[in-house]
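So the structure is just underneath, and the comments pick up after that.
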Amino acid sequence: GTTGRRFPQRHRRTRRWLATTRSAMTAPELGDVVNLQPLTRKERLSQQYREDLEKMRLRARREKYCRYEEGGVDQPPESLGYIPEAERFITDIASIEKNERDALFAKKQQQQYTKRMGRADAEEQRWRTIEMTHQMEAAKLSEMRENSTFARSNKTSMPYNPINLRYDDGTDGERLRYSDDSLRYRGALRAEHLQQRMTSTGYNPITGEVIQKVTVPNAPMMPGR
């Protein structure tokens, strides 16, 4: 009897609490509608494989997880600096060697061309210098023909004519004549002095012949006296 009286009382309390709660609840406000994009066939098929499903879940993981981001060295596929991994390696060694041989041949050709042009310029400069020197010499000769002052270089450095063997007229010629006569006079005096030292008798002691005495000219007079 006690158990039968307790259960109906508990049901009455539950119904009373539900009625009070429903009356206190208000209708929720209408918010933005979130449309989810349907999965593609590839995404649906990938969920059938455990490995692909785990990779997809790791990529979409957010809470308490540090996402791995590619560094700045790796370029995204849409950038201009992107290159596939297959193209990072040398796949055609024959073409690379051919390019290296072509570059070496072009370098040698350029060196030979540069050397050839340098020699041609040097030869042209040499002939230009020869022609310039010839023109300068021709102009100099023409100027010497037109100007008689250059004929002074044919004059001797001494006032003496080597053609007719005569001294020039004037003071300079007289001074040169005096200098030459003085040399001859001193030479004759020395020869006479040596002859007197050689023998005092005037005879050759070996042959007995008479020694011809040295003729001493008169002492020259200084010009202007």
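Laboratory data are not the source of any read-out in this text; all were calculated from the coordinates shown. All figures in this text were calculated on a predicted structure; none of them were measured in a lab. All Cβ positions, glycine included, derive from the backbone under ideal geometry; neighbour counts span all protein chains shown.
Between beta-carbons, use under 11 Å as the cut-off and find the net charge around V216, counting Lys and Arg +1, Asp and Glu -1.
+3
Diagonalise the Cα gyration tensor of region 81-177 and give the resulting equivalent ellipsoid semi-axes, square root of 5 times each eigenvalue, largest first, whole Å.
Values: eigenvalues 1299, 38, 27 Å².
Whole-Å semi-axes of the equivalent ellipsoid: 81, 14, 12.
Which lysines have a Cα lying under 16 Å from the Cα of K107, excluding residues fewer than 8 positions away in the same chain?
K98, K115
Where Lys and Arg each count +1 and Asp and Glu each count -1, what net charge lies around P159 among other residues with Cβ under 13 Å from its Cβ? Each step should come with its number before you reach the end.
Numbers: positive: K155, R166, R175, R177; negative: D168, D169, D172, E174, D180.
Result for the local shell: -1.
Taking loop as defined by DSSP and a crowding limit of 12 other beta carbons within 10 Å, which GluC sites (Glu not before Pro) in region 131-224 fit? Mind dumping the intermediate values first?
Working: sites: E131, E137, E143, E146, E174, E192, E209; in loops: E209.
For GluC sites (Glu not before Pro) across region 131-224 that sit outside H, G, I, E and B with at most 12 neighbouring Cβ atoms in 10 Å, the list reads E209.
Can you put V34, V210 in order, fewest other beta carbons within 10 Å first? Spell out each step's value before the answer.
Details: V34 5, V210 10.
Ordered by Cβ neighbours within 10 Å, fewest first: V34, V210.
What is the spread of the Cα atoms of region 39-137 along each of their three principal axes, largest first, in whole Å?
Extents along the principal axes, in whole Å: 103, 32, 22.
Quick one: what does P(r) look like for region 159-224 with 10 Å bins over all Cα pairs, in whole %?
Result, from short to long distances: 19, 32, 23, 16, 9, 0 percent.
Would you work out which of N99, T114, I130 lies farthest towards the positive end of the dipole of region 95-155? Charges go on Cβ: Lys and Arg +1, Asp and Glu -1.
So the residue furthest toward the plus end is I130.
In percent, what relative contact order does region 159-224 have, based on Cα pairs under 8 Å that are 6 or more apart in sequence?
RCO, region 159-224: 33 percent.
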